[in-house]
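All remarks here apply to the structure that follows.
The values are calculated or read from the model by the stated rules, or taken from the named source; none is laboratory data. Bear in mind the structure is a predicted one, so any value in this text is a computation, not a measurement. Here the Cβ positions follow ideal geometry from the backbone for every residue, glycine too, while neighbour counts run over all protein chains shown.
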């Protein structure tokens, strides 16, 4: 058996060597096809990774809040009439009471990287005659750094903000003309105005956040808002960003009284764009692979015609048809393997050249799984493309070939 395989491989190598120019051209054809697939995959994957990073890289992947609006408890009977005591347009969420047990369960999930309890509330900041509406946010700054990278985003003040620090967004600070160390007047519903000192100004790169956020420690915000030991939301980051939707569904089933929303739900248009990009990439790669397959098949078919006399003689001296057929399968395997190796190197070179000359704002990304799929499918396609010439070989009548020359 080993001798037979060795003979078949030797014969395949000999056929390829006798037509070096033809073999070289088909190897380069496969290489160019593989290079296109590698470059296209790296380009699309890099673009998608960049879009996802800009969208959710510094924001929660999953948000857990109360499923009911606080306005549901804001109605009361006054003189026999149902009266709304809270403006429902504020969409104030009902606080989560038993949040510590939920936080413990969330942190036990190995797929979740960060669990951040948050206390939110609305208010006003006044500086002289100017006042601005703000979103007062309370959370543990050390935990929040894992999501928002706040310390590295501080542009004024101490970059290692302590737990009790008061931080304000860049646009809001510029609008009010304040900086680190300046006092501001904070006005909250149901409380007397109080003066607080700004410890730092941050720039998170999102206009809405820079314009509205005032950040403090969770316990301090809870005391100011009078929420006690309750929180408004959980903000989570997961290790696998694209699995956030599946994880959100699982936790929604485990927490039926809470609303669990993933970043995919909030960015449906982005997901649609990413899906369209992937579909177009797969379509192009499919036709490139089809062209490679047809190219290998056509070259080997021509080779079968050119070698028909030698094949007829081999069959006449007792070489099995199946053995001769496998010679062409080995040729397809060799051509596919060499073309794929050259193509991978060429594709990486094209990607590097694109990075250097195009000077785009994101890096190309070639995933190991994608590379493995390209290599496997190309070699397999090149090998299977030898089926047609191998089938042609099986029909050769050695007597006719020898008689007709």
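The residue of the stretch 120-158 that is nearest to residue 230 (Cα to Cα), among those that are part of a loop (DSSP other than H, G, I, E, B) and out of contact with any strand residue (DSSP E or B) (no Cβ under 8 Å at 6 or more places or on another chain), is 149. Among the residues examined, residue 364 qualifies as assigned to a loop (DSSP other than H, G, I, E, B), more than 27 Å from residue 302 (Cβ to Cβ) and either in the same structural domain as residue 31 (by TED's automatic domain parsing) or in contact (Cβ under 8 Å) with a residue 60 or more places away in the chain (or both). Scanning the stretch 193-208 for residues that are closer than 24 Å to residue 63 by Cβ and at pLDDT 90 or above returns 202, 203. Inside the stretch 193-209, can you point out the residues that are closer than 15 Å to residue 157 by Cβ and within 36 Å of the chain's Cα centre (by Cα)? Scanning the stretch 193-209 gives 199, 200, 201, 202, 203, 204. For the stretch 358-375, the criterion of a residue being crowded, with 21+ Cβ neighbours inside 10 Å and at pLDDT 75 or above is satisfied by at least one position. Note on the stretch 262-288: residues that are at pLDDT below 80 and touching a strand residue (DSSP E or B) at 6+ places or on another chain (Cβ under 7 Å) amount to 0. For residues that are part of a strand (DSSP E or B) and more than 27 Å from residue 149 (Cα to Cα), tally how many sit in the stretch 180-194. Residues flagged as part of a strand (DSSP E or B) and more than 27 Å from residue 149 (Cα to Cα) within the stretch 180-194 amount to 2.
Residue-by-condition table, conditions (1) at pLDDT below 75; (2) farther than 23 Å from residue 364 by Cα; (3) not in a strand (DSSP E or B):
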site: 28; (1), (2), (3): no, yes, yes
site: 31; (1), (2), (3): no, no, yes
site: 34; (1), (2), (3): no, no, yes
site: 52; (1), (2), (3): yes, no, yes
site: 55; (1), (2), (3): yes, no, yes
site: 58; (1), (2), (3): no, no, yes
site: 64; (1), (2), (3): no, yes, no
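Residues are listed down the side, and each one gets a yes or a no for (1) more than 20 Å from residue 222 (Cβ to Cβ); (2) modelled with pLDDT under 90:
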{"residue": "158", "(1), (2)": "yes, yes"}
{"residue": "162", "(1), (2)": "no, yes"}
{"residue": "171", "(1), (2)": "yes, no"}
{"residue": "191", "(1), (2)": "no, yes"}
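For residue 214, the conditions (1) surrounded by fewer than 18 Cβ atoms within 10 Å (Cβ to Cβ); (2) modelled with pLDDT of 90 or more all hold with the exception of (1). Checking residue 259 against (1) crowded, with 17+ Cβ neighbours inside 10 Å; (2) at pLDDT 90 or above: exactly one of these is not met. Which one? Failing condition for residue 259: (1).
Within the stretch 167-211, count every residue that is touching a residue at least 60 places away in the same chain (Cβ under 8 Å), surrounded by fewer than 19 Cβ atoms within 10 Å (Cβ to Cβ) and closer than 14 Å to residue 123 by Cβ. So the count comes out to 5. Step by step: first the residues of the stretch 342-356, then only those that are at pLDDT 80 or above and surrounded by fewer than 17 Cβ atoms within 10 Å (Cβ to Cβ), then the one that is farthest from residue 14 (Cα to Cα). Which residue is that? Looking at residues that are at pLDDT 80 or above and surrounded by fewer than 17 Cβ atoms within 10 Å (Cβ to Cβ), I get 354.
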